[in-house]
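Provided herewith is a single structure, encoded as structure tokens, for subsequent inquiry.
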Amino acid sequence: MSACACGNTAPKYPELQEILSRHEGEKGSLIPILQEVQAAYGYIPEDVIKEISLALDIPATTIYGVATFYAQFHLKPRGRHVVRVCQGTACHVRGGARILAEVEKELGIKPGETTEDLRFSLEPVACLGCCGLAPVMMVDEDTHGRMTPDKVASVLARYE
């Protein structure tokens, strides 16, 4: 497919055309396509959902339903760095809510939001599985344990 499914000659999302071509004619390809789209763009743009809908002959509402059902998919741009703050029992008891509040203050965003410069996204999580290090914050795949509100700014500064 050299053109988008809508008939335009210059595709807005060239990676999408490659992804759709790889899965052409495959039954049950929606989730792998969505995974590849997210890997390519960092999220699933609304325009891409429309293109996938046309290419697979699946209603856009069905695709949107699948994309919103699975936590792995994101419909809004995410930051280069994802900050996860544990809110599980051990972290809660040891001040996880204070850590989350400090991250919100430092980044100027609320949980589920992304900074305007697309540098950080903030996600509170139920458990990171590091209870012995509580309270815990992760930035991307890096775990930061025994956090205090005073440490938040210096940890975030490492990712700027």
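The values are calculated or read from the model by the stated rules, or taken from the named source; none is laboratory data. Keep in mind that what you see is a predicted model, and the values were worked out from it rather than measured. Quick reminder, even Gly has a Cβ in these numbers, built from the backbone with ideal geometry, and neighbours come from all protein chains shown.
Among the residues of segment 17-32, what is the count of those that are in a helix (DSSP H, G or I) and under 14 Å from Asp57 (Cα atoms)?
Total satisfying the criteria: 2.
Quick grid of which residues meet (1) touching a helix residue (DSSP H, G or I) at 6+ places or on another chain (Cβ under 8 Å); (2) not assigned by TED's automatic domain parsing to the domain that holds Val136:
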residue	(1), (2)
Ile49	yes, yes
Lys76	no, yes
Leu100	no, no
Gly112	no, no
Asp117	no, no
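Okay, residues lined up against (1) farther than 30 Å from Pro14 by Cα; (2) touching a Leu at 6+ places or on another chain (Cβ under 9 Å); (3) crowded, with 18+ Cβ neighbours inside 10 Å; (4) modelled with pLDDT of 95 or more:
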position	(1), (2), (3), (4)
Phe69	no, no, no, no
Arg80	no, yes, no, no
His92	yes, no, no, yes
Arg119	no, yes, no, yes
Met137	yes, yes, yes, yes
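Here is a follow-up. Would it be correct to say that Ser121 is at negative phi and in contact with a Lys or Arg (Cβ under 6 Å, 6 or more places away or on another chain)?
Considered against the rule, which asks whether it is at negative phi and in contact with a Lys or Arg (Cβ under 6 Å, 6 or more places away or on another chain), Ser121 comes out as yes.
Tally the residues that are of a type outside the set (Asp, Glu), part of a helix (DSSP H, G or I) and surrounded by fewer than 17 Cβ atoms within 10 Å (Cβ to Cβ), restricting the search to segment 33-58.
Total meeting the criteria: 6.
So, Thr61, is that one surrounded by fewer than 18 Cβ atoms within 10 Å (Cβ to Cβ), assigned by TED's automatic domain parsing to the domain that holds Thr143 and of a type in the set (S, T, N, Q) or not?
Against the criterion (surrounded by fewer than 18 Cβ atoms within 10 Å (Cβ to Cβ), assigned by TED's automatic domain parsing to the domain that holds Thr143 and of a type in the set (S, T, N, Q)), Thr61 does not qualify.
Scan segment 139-154 for residues that are of a type outside the set (Asp, Glu) and either within 20 Å of His74 (Cα to Cα) or buried (at least 18 other Cβ atoms within 10 Å of the Cβ) (or both) and jot them down.
Passing the criteria: Val139, His144, Met147, Val152.
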